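Everything below concerns the one structure shown next.
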Amino acid sequence: QYPVVNSSESINISYNVDLTNYQDDLFHVAVNVNGLSEENDIFNFPATVPGTYSTLDFGRFVKFFKAFDKDGNNLNTERISTNQWQIENSEKLSKIIYDVEDTFDSEISENKVIPMAGTGINNDFIVLNTFAILGYFEGNQTNPIKLKLDYRSDWTSGTSLPIDNNGYYIAETYDQLADSPFLIGNLTTASTTVNDIKVGMYVYSPDT
């Protein structure tokens with residue numbers, strides 16, 4: 001479960017996920033942030049998620065992690081547990097970059113991630129559970145979040161998150177982000193309305 005805590009509205013957090021180089025089976029993530037304090041010095045990846053009873057430890061799939069201030073200078077980081085990175089001088093933090101492995105093709109065998117909770121990168125489509133690749137700062141799970149995905153121009157993205165005029169998906173909290181998976185690729189789409197609620201359907205099939 002994700003704990004609910006108080007957070008400052010002055011903290012701005014946006015994620016950018018580069019999916020254009022999908023052949024390497026890695027999600028390339030950048031987190032842009034300003035307004036953190038010393039109390040927000042830990043960046044967390046979920047150990048488990050609602051709806052499952054397994055230890056998932058998504059921090060296991062992180063292959064690279066670096067932090068920078070607004071001038072591009074490195075800030076020291078230390079991995080203090082499987083799912084946590086501590087950032088020195090977090091009040092100066094401007095950007096984090098890290099890479100996350102595709103769980104479907106991972107060689108990690110212990111506590112295998114069940115397919116419906118993982119991520120998959122393929123030539124024609126990508127399955128993305130946001131909690132599997134997007135972490136959160138200690139004490140800031142209730143902050144609004146913006147997310148931009150960079151992928152092939154001929155692909156379609158399916159999700160329940162709204163998107164703004166600048167191409168950012170908007171989540172009111174980290175919990176809402178975690179509850180909003182994506183299917184991206186050469187998709188077949190359809191929509192209908194049920195009790196004044198628009199319902200969208202997105203399917204990948206090599207036969208359509």
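The values are calculated or read from the model by the stated rules, or taken from the named source; none is laboratory data. What you see is a predicted model, and the numbers here were worked out from it, not measured in a lab. Quick reminder, even Gly has a Cβ in these numbers, built from the backbone with ideal geometry, and neighbours come from all protein chains shown. For the accessible areas, the whole protein counts, side chains as well, though only heavy atoms, and no ligand, DNA or RNA atoms are used. Shrake-Rupley method; radii C 1.70, N 1.55, O 1.52, S 1.80 Å.
Taking loop as defined by DSSP and a crowding limit of 11 other beta carbons within 10 Å, which chymotrypsin sites (Phe, Trp or Tyr not before Pro) in the stretch 22-77 fit?
The qualifying sites are 53.
Average projected area of the Cα convex hull of the stretch 138-201, in nm²?
Averaged projected hull area, Cα only: 5.6 nm².
Would you mind getting me the FRET efficiency between residue 153 and residue 116? Use the beta-carbon distance for r and R0 = 30 Å, nearest 0.05.
E between residue 153 and residue 116, to the nearest 0.05, is 0.55.
Grab the Cα-Cα distance for residue 166 and residue 54, subtract it from 0.36 nm times how many residues apart they are, and report the gain in nm with one decimal.
36.6 nm
Starting at 0 and stepping by 5 Å, how many percent of the alpha carbon pairs of the stretch 1-98 end up in each bin?
The percentages, shortest bin first, are 2, 11, 20, 22, 21, 15, 6, 2, 0.
Be a star and scan the stretch 18-46 for residues whose amide nitrogen sits under 20 Å from the point 7 Å along the Cα-to-Cβ vector of residue 105.
Only 18-30 pass the distance filter.
Bin by bin, in steps of 5 Å, what percent of the Cα pairs in the chain do you find, going until the bin that has the longest distance?
1, 7, 15, 19, 20, 17, 11, 6, 3, 1, 0
Student exercise: in the stretch 65-153, how many lysine pairs 8 or more apart or on different chains have Cα atoms under 22 Å apart?
Total qualifying Lys-Lys pairs in the stretch 65-153 comes to 11.
Please give me the summed charge of the neighbours of residue 100: other residues whose Cβ is under 11 Å from its Cβ, Lys and Arg +1, Asp and Glu -1.
After counting each charged neighbour, the total is -2.
So if I restrict to the alpha-carbon atoms in the stretch 115-169, what is the Rg, and what is Dmax, the biggest pairwise distance, in Å?
13.0, 38
Give the carbon-plus-sulfur fraction of the accessible surface of the stretch 5-107 in %, rounded to a whole number; probe 1.4 Å, heavy atoms of protein chains only.
Exposed carbon and sulfur together represent 40 percent of the surface.
If I model a spin label as a point 7 Å beyond the Cα along the Cα-Cβ vector, how far apart are those points for residue 193 and residue 66 in nm?
Output for this residue pair reads 5.1 nm.
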